[in-house]
Structures are given as C-alpha cells and as structure tokens.
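All remarks here apply to the structure that follows.
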Amino acid sequence: MYSKSLDDVVKQFNTTPFLFIGSGITRRYYNLPDWKSLLEIFAIRISNDPYAYSSYESSAKAMNCEVGLYPQIAELIEHDYNKLWFSNPEIRNLDVYYSDMVKSGVSPFKAEIAMYIKHNSNIVEYHKSEIKKLHEISKKSISGVITTNYDLFLEDTLDEFHEYVGQEELIFSAIQGIAEIYKIHGSINNPNSIIINKIDYTLFDEKSPYLAAKLMTIFMEYPIVFLGYSLNDSNIQKIIYSIVNCLSKENLEKLQERFVFVEYDEHFKDVEISPHSMVIGDKILYMTKIRCSDFSLIYDAISKKKSEIPVKLLRKFKQELYTYTLSNSPTTNIKVASIDDKRLDDDELVLAIGRMSEFGLKGLSGLSGSEWYRNVILNDLDFNPDELLKYAFPKLRKQNSNNLPFFKFLYYAREKHLDVLELAEQTTFDKIISDSIRNHRNILGSYTSVNDIWEKEKNLNKATYLIAHLTQEQICVDDLEKILNKIFSNNRDILETETQNTKTNIRRLIRIYDCLKYRNVEKSLD
C-alpha cells in the first residue's frame, strides 16, 4: 500500500521544482489541438477531403521514418502546403508580422501554424481559477519551466519568467536556472524555431547531447514535475533518454524522489499516488506517478514549498552577479556601494565592496542602454540630467551606435554639453526611422493614429512596429507618451525580458517620442 499524500511528495523536494510542461496543458487551458489534430487541420486546408490526413499518414507509414510518424507526416504536408500557399493566395491567413517572416525565408506552413495557434489561444473559462493558482505559485514556488509547447500560455501566465527559445538559444546562453522558460521546440513568436517536421527532429536529435548537457544541472539539482504529457510520449522519452544516458547508477537513483509524473485522467475525481518505473535504454528510471483530473490539487501542494525571495528577483540577482563577475563593472541593478548608499532604490541589489567614496558617480558607468531608455519615460534614475550626459552618455553612445534618446536630458540640463548639442543638430525624426520604414508605410492600411493602432492591435510586437510607420504629423506625442508609460507599468523590465524584435520596436518609439517632444526646445550652441 502506497500511503503518500501530495503534501508528502512535495515535502521530499529539496527545493522548489521545475515544471516540464507538454501539450496537455495547451489543450487544457487554451483548448488547442494536439499534434495529430493540428496536422489534420492543415491537411484539409490542402484538399477539402475528410481522408486528406489519412492519405498522408498512409504514405508516411510506408517510409518508416526514424524520428517518428508525425514528423514524417508533417514533412509531407508541409511540402504540399507550401507549394499551394505560394500559388493560391486564397489559403493565406497571415498578418503583416508573419507575412514579413515568410518574405525573409520562413516556411509558410510554420508561419500559418504560428498564426493559427495565436488566434486560437483563448483561455478556457472553466479553468480560470486553476490558471490563477499557477500564476500565484510561479512567484515563489516554481524554479523554472521546460516545455515543448509553441504557444505563449506560460509567458502570459507565469510571473515575469524569462524565456529562451529553441536549442540554439538555450545551448549558447548563460542560463541562470531560475524564473526561466526553456521552449526547446520553439515558439510562435519565431515560426522558424518550431520543431515539427522530419528535418527539424533529425537536427534536434543530433544536438540533443548538447541540450542534455545544458539541462543536466537542472535535473540533478531540482525536483522535476511533468505536466501535460503521456508516459508514452515519444518526445518526452527521447529527452529523458538523452539525460539519463549520461548518468551513473548512483546519480540515477538520486532522481527517484525528485521525478514526479502527473497523469491526467478526466474520469478520476480523486488523487492516486503510486511508484512508477520507466525503462530508458538499458537503465530503469524510478519516479512517483500522480493520477488526477484536477490540477489545482497539484498547484496547492506545490504552493507549500516556497523560496524566501520571489524567484524573479533571485534570477535578477544571479544574472546581475554573473555579469558583474565577468565584467568586473557595476551593472544596471547591482552596484559596488556601501549598504547605506542613498542612491540605491529598494529593488536594487548591493555588493558591499569598498568605500562609499569609491562609488560616487562612477556608478553611472554601469548603466545599461535599457535603463537609459526606461528613464526617458519613468524618470526612475537617481541622477540629474547633467550627471547622465557627462558620465554615462559617452560610454552608452558608443555601445549603442549613437542610437540613444537624449533630447529630454539636454533640455533639462543646466550645463552646456557641446558634443550632445552637435549630435542634436544632426538628429531628426527622419534620421530616427529607417528607410525601410519610410518606404513601407503602406502596411498601415487604414491606420492613421497612434491610438487607433494601439486599441486594435493586441500583439505588442506588431503594435509597436506599426506605430513607427506613422508620419511625424500623424503621431500625437501625448498619446505616444501614455502608451509608453502603460508598457512600462505592465513590465518595468520589458527592455530586458521581451523578444529582440519587440525591444527594438519599443526603443525606436522612445527615440521618436523623445525627439518629437523635446527637440523643438533644444538648446543652441551659443
């Protein structure tokens, strides 16, 4: 008789767990299709025939694909779908964002999959309370998440977790192992990263030893809770195999108390906890299996294992300390200072090294471009405009190829900064926007104002991209200022956590705002 309760399982955790999340979570909370159903949708788009998918499946089975049946089916469907997509405009469903990606070489099949998932990612009302619990436990009770899902449910639900998309980004990034999402099969924000066809899986399997090495520390240090997977899922078995294959028998045994597999059973209204084993190659992996239909019970149990500090702050500390160690220079939020330094805000971190006099205004050299941009909108730096322009601007200017907003600081400065004044004379609205934007304003369609775009476009990346295409006369500075304030009020660190495209778009809008609001009152050289 196995007498453990959910609380007993969590009590055995040495720390807050990592979640390993699969498509079952997407189906549960967004009601999105599983892999097979998604392929069926696109097979029917090619030929409106109820047997379209069956035909592809039959052909794929005859090929005996080494990486699995579904990747081979996807390969066949993608080939026919892309051919039809380019010849028949009627089947195209992409917005400007994804259309531009196809123009740059992304597969229409993958772009359309991303678009389909984006448009059908709607919260299931019945599970709202469960989702709220997941959000709450992400603050202090979840260390991080690994997922094979493409959708953005985790980014939208967890408490400011930083995401890494695809094997390449994960392998070559300095991950901190806390408050992070590892999207190992790609994301709809970057359709080219989506792992779905035979070639994708072949390349993924070739690199899996590198991915396993990157994730090894996480598997050895954290409890792992699998949610939204079947024990027979080939994806999860391959990933586990890559990691387990590298472990000795002794280390394998250490995983036993920390591997928890949640098996969803819609007809089972209680909770059943039992030991389980999985044969991985020539090794046996032991774990705890939990069978239930109500995931809120899992979240409630996990909530009782808390870190003392919110995990997003722990990640910030690790990242800042890592950067400081490599560069030996102050960073955005970590400064070399006395513990009672009045310049430090409550959310900044302190390394108590040296004397207060050694810090002084030298801390300005540790400012990042993101902090500089944010200050234009939030005024959240404890330095006056003259200090910023004198001590921080020269270094940041070089690091950012002269692409920094500065008119606001120049306007409020009491001293003369001749080099900045000269730069101001050369910087105009037309210089800030690129030739590409100026030549492609037709993508605005009927949009003629900042508010019109902001209110109708729900995707942050697309909205911020389109606003920059407005002419100078069409941009109401006050409206743009309100929108930028709203962006930062939702996520103060958005220039650190968003995708590269979105960060670029927001920075461009800040430069536009700074120029339009303060350039006409700039100071002369006299």
Open item on the list: Among the numbered criteria (1) under 22 Å from Asn375 (Cα atoms); (2) at pLDDT 90 or above; (3) touching a Leu at 6+ places or on another chain (Cβ under 9 Å), which one does Lys416 miss?
Closed with: (2)
Open item on the list: I'm trying to understand the selection: among the residues of the range 172-209, which are crowded, with 23+ Cβ neighbours inside 10 Å, more than 14 Å from the chain's Cα centre (by Cα) and among the aromatic types (Phe, Trp, Tyr)?
Closed with: Tyr201
Task: the range 64-114 - residue that is free of Cβ contacts under 8 Å to residues at least 24 places away in the same chain and buried (at least 19 other Cβ atoms within 10 Å of the Cβ) and, of those, nearest to Ile437 (Cα to Cα) - done: Val102
Open item on the list: Going by what's in this entry, would Phe429 be described as over 23 Å from Ser99 (Cα atoms) and either of a type in the set (Val, Ile, Thr) or in contact (Cβ under 8 Å) with a residue 40 or more places away in the chain (or both)?
Closed with: yes
- [ ] Determine whether Ser23 is exposed (fewer than 12 other Cβ atoms within 10 Å of the Cβ) and of a type in the set (S, T, N, Q).
- [x] no
Open item on the list: With the structure loaded, tell me whether Lys398 is assigned by TED's automatic domain parsing to the domain that holds Ile510, assigned to a helix (DSSP H, G or I), within 17 Å of Arg507 (Cβ to Cβ) and of a type outside the set (Val, Ile, Thr) or whether it fails that test.
Closed with: yes
Task: Matching entry among Ser208, Ser173, Ser230, Ser138 (being at pLDDT below 90 and in a helix (DSSP H, G or I)) - done: Ser208
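The values are calculated or read from the model by the stated rules, or taken from the named source; none is laboratory data. Remember, predicted model here, so these are calculated numbers, not experimental data. With ideal geometry, Cβ positions are generated from the backbone for all residues, glycine too; neighbour counts draw on all protein chains shown.
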